Amino acid sequence: MNFPAELISLLRRSRAPKLVALTGAGVSQESGLRTFRDAQTGLWAQYKPEDLASPQAFRRDPKLIWDWYAWRREAVKGVRPNAGHYALVDIAKHIPEFTLITQNVDGLHHMAFQTLRDSESLKVLPSIIELHGNIQRVRCSECYTFAEVWGDDTESVPRCSVCGGLLRPDVVWFGEALPRDQLEAAVEAARTCDVFFSIGTSGVVQPAASLAHAARNRGAVVIEVNAEPTPLTSKANYAFHGKSGEILPELVKAVWLNDT
Ligand code: OAD
């Protein structure tokens, strides 16, 4: 892939730009996880994810929703970050003011940064904002207490040890508000950054989708990396279409590993 020279010098600047990367399900696709809007398989093929990820669905049939998340937790088990996740770690090594905002609930960004933390120290660890929660955390649907242990393979939905309420995954469902502190931090990062990457996201779910526009309106350079064009493409300063696990490592190489 050929990257424009002005983009390379912007990222290489001696006073590094303040950078934000917003990621979506496409980033995890090369790890073997289906994107949100891909068709589901097997038992779950008859449902649209939008019809399962909602408080109404949980109220209607909590066991169905619990089982769907148990299935997704199982799918995430054994899955590893891919070259795209690691390229973002490489970017963080070169850009001290780097905020990673993800809509993914799979925890793979954390895992990629953890691998690096274990092997070499990053000068400054980037903040990772999980806008839609994390599938590995489970909490009470009534009193919000987090559960340390629970059974996935139970006859009925496990209950909270404090109040007896039904347990649920600590993720954001359609129609629910995003965690306020995470959203505020994401908006602030988007409004004050110099460079904003939108990676592997269809850009149709609010408020995450509006972050790129907030950055653009404040004068940031917006770069899209996605398998296909999205509603953001025409507004972005640069758009690269293909796999993030290929494009991002190539970009890191072009910016920081080449002298030309
Ligand atoms: P989507 O499934 O809507 O979009 C994934 C995007 O990634 C698509 O545009 C694909 O073309 C692209 N893609 C697929 N494979 C790719 C690859 N290897 N490299 C780069 N791009 C690739 O997922 P999200 O945009 O993350 O929220 O969906 C946003 C939110 O919608 C989710 O977090 C979820 C859902 O509603 C909630 O559950 C609250």
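The values are calculated or read from the model by the stated rules, or taken from the named source; none is laboratory data. As the structure is a computational prediction, the values presented were derived from the model and not from experiment. Heads up, the Cβs are rebuilt from the backbone with ideal geometry, glycines too, and the neighbour counts pull from every protein chain shown.
For (1) modelled with pLDDT of 95 or more; (2) closer than 28 Å to Glu30 by Cα; (3) of a type in the set (A, V, I, L, M); (4) buried (at least 17 other Cβ atoms within 10 Å of the Cβ), each residue gets a yes or a no:
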site	(1), (2), (3), (4)
Ala189	yes, yes, yes, yes
Ile199	yes, yes, yes, yes
Pro207	no, yes, no, no
Gly219	yes, no, no, no
Ile223	yes, yes, yes, yes
Pro231	yes, yes, no, no
Gly242	yes, yes, no, no
Asn258	no, yes, no, no
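Listed here are the helices (runs of 4 or more DSSP H) enclosed by region 1-97 that have at least 1 residues being touching a helix residue (DSSP H, G or I) at 6+ places or on another chain (Cβ under 7 Å), in contact (Cβ under 8 Å) with a residue 24 or more places away in the chain and within 14 Å of the ligand (Cβ to nearest atom): 26-29, 55-60, 62-76, 83-94. Among the residues of region 198-211, some residue qualifies, meaning at least one is of a type in the set (Gly, Ala, Ser) and without any contact (Cβ under 8 Å) to a residue 24 or more places away in the chain. Selection of region 171-185 for residues being touching a strand residue (DSSP E or B) at 6+ places or on another chain (Cβ under 7 Å) and surrounded by 17 or more Cβ atoms within 10 Å (Cβ to Cβ) yields Val171, Val172, Gln182. A count restricted to region 221-236 and to residues that are touching a residue at least 24 places away in the same chain (Cβ under 8 Å) and over 10 Å from Phe197 (Cβ atoms) stands at 5.
Within region 123-153, how many residues are on the phi < 0 side of the Ramachandran plot and either outside any loop (DSSP other than H, G, I, E, B) or without any contact (Cβ under 8 Å) to a residue 12 or more places away in the chain (or both)? Within region 123-153, residues that are on the phi < 0 side of the Ramachandran plot and either outside any loop (DSSP other than H, G, I, E, B) or without any contact (Cβ under 8 Å) to a residue 12 or more places away in the chain (or both) number 16.
Summed over region 160-202, residues that are among the β-branched types (Val, Ile, Thr) and more than 21 Å from Leu88 (Cβ to Cβ) total 3. The strands (runs of 3 or more DSSP E) found entirely in region 177-259 that carry 3 or more residues being among the hydrophobic types (A, V, I, L, M, F, W, C) are 195-199, 221-226. The set of residues from region 214-231 being within 24 Å of Trp173 (Cβ to Cβ) and within 15 Å of the ligand (Cβ to nearest atom) comprises Thr230, Pro231.
Here Gly200, Gly165 are screened, and the one residue that is over 19 Å from Cys140 (Cβ atoms) and touching a strand residue (DSSP E or B) at 6+ places or on another chain (Cβ under 6 Å) is Gly200. Only a single criterion out of (1) modelled with pLDDT under 95; (2) under 19 Å from Asp106 (Cβ atoms); (3) among the acidic types (Asp, Glu) is not satisfied by Asp170, namely (1). Against the condition more than 19 Å from the chain's Cα centre (by Cα), surrounded by 15 or more Cβ atoms within 10 Å (Cβ to Cβ), closer than 30 Å to Leu166 by Cβ and modelled with pLDDT of 90 or more, how does Asp67 come out, does it pass? The answer is yes for Asp67.
Do we have Arg72 as within 27 Å of Gln182 (Cα to Cα) and either surrounded by 14 or more Cβ atoms within 10 Å (Cβ to Cβ) or out of contact with any strand residue (DSSP E or B) (no Cβ under 6 Å at 6 or more places or on another chain) (or both) here? Against the criterion (within 27 Å of Gln182 (Cα to Cα) and either surrounded by 14 or more Cβ atoms within 10 Å (Cβ to Cβ) or out of contact with any strand residue (DSSP E or B) (no Cβ under 6 Å at 6 or more places or on another chain) (or both)), Arg72 qualifies.
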